[in-house]
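See structure below.
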């Protein structure tokens, strides 16, 4: 039995107490734990933690000697089952969502994740994901259309510029060092639609987006690539015409490349 420390009622599970506190006493589980000193803290630095091993992410034991899970890998079917379980818990358990959100908002956790991401980018360990949310359906279709008619190697991969930036071009024609960038009218602020001072997304002006795209193209050109840009609306309005141009320019025998 678990007791509510506010009204001293008893419940069969900790979850029952948490729901009771939330809906009866109108306070969150975090506030409840804070009031009655029930929060877990790292044994090394004292920061609030949401796991049961007693240490924060910076001080947990990851060494081979003391970690029984070091070097072990989960079976794919077990990982899939665990992922489905977590998704279900995220949808149904409000207390679980609160804990995860609070954990992600911790300054220490955000700094650790930021450093890890920067290091991974510098080492070139991040790989292109064709199903990533940043890639639109139109962009996927564009890549597929070109791949169907271009007989040589065509791919999408990371390229590291001379100043250390990692770039993922939309289409790379590997054998002739050509790149085709597929620009969405909204995300790249088509100048036929938007004015320089228009706010497009994330409080960014159109002229800032154009400058960023210009710098990206210059980085690719310094690496020896020829860069072509295609606007989504132009491709949509005359898809057959573009594919005919592409085939004549890149695919036919005897072309200049």
Over segment 163-190, the set of residues over 27 Å from residue 205 (Cα atoms) and in contact with a helix residue (DSSP H, G or I) (Cβ under 8 Å, 6 or more places away or on another chain) is 173, 176, 178
Which numbered condition in (1) at pLDDT below 85; (2) touching a strand residue (DSSP E or B) at 6+ places or on another chain (Cβ under 7 Å); (3) surrounded by 14 or more Cβ atoms within 10 Å (Cβ to Cβ) is the only one that residue 1 fails? (3)
Exactly one of (1) modelled with pLDDT under 80; (2) over 26 Å from the mean Cα position of the chain (by Cα) is unmet by residue 116. Its number? (2)
For segment 121-151, which positions are at pLDDT 75 or above and more than 12 Å from residue 182 (Cβ to Cβ)? 147, 148, 149, 150
Which of the residues belonging to segment 1-43 are under 30 Å from residue 59 (Cα atoms) and touching a helix residue (DSSP H, G or I) at 6+ places or on another chain (Cβ under 8 Å)? 15, 18, 28, 29, 30, 32, 38, 39
Quickly run through segment 9-34 and pick out the residues that are part of a helix (DSSP H, G or I) and exposed (fewer than 14 other Cβ atoms within 10 Å of the Cβ). 14, 23, 24, 31, 34
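The values are calculated or read from the model by the stated rules, or taken from the named source; none is laboratory data. Fair warning: this is a prediction, and the values are worked out from it, not measured in the lab. In this analysis, Cβ positions are derived from the backbone assuming ideal geometry, glycine residues included, and neighbour counts consider all displayed protein chains.
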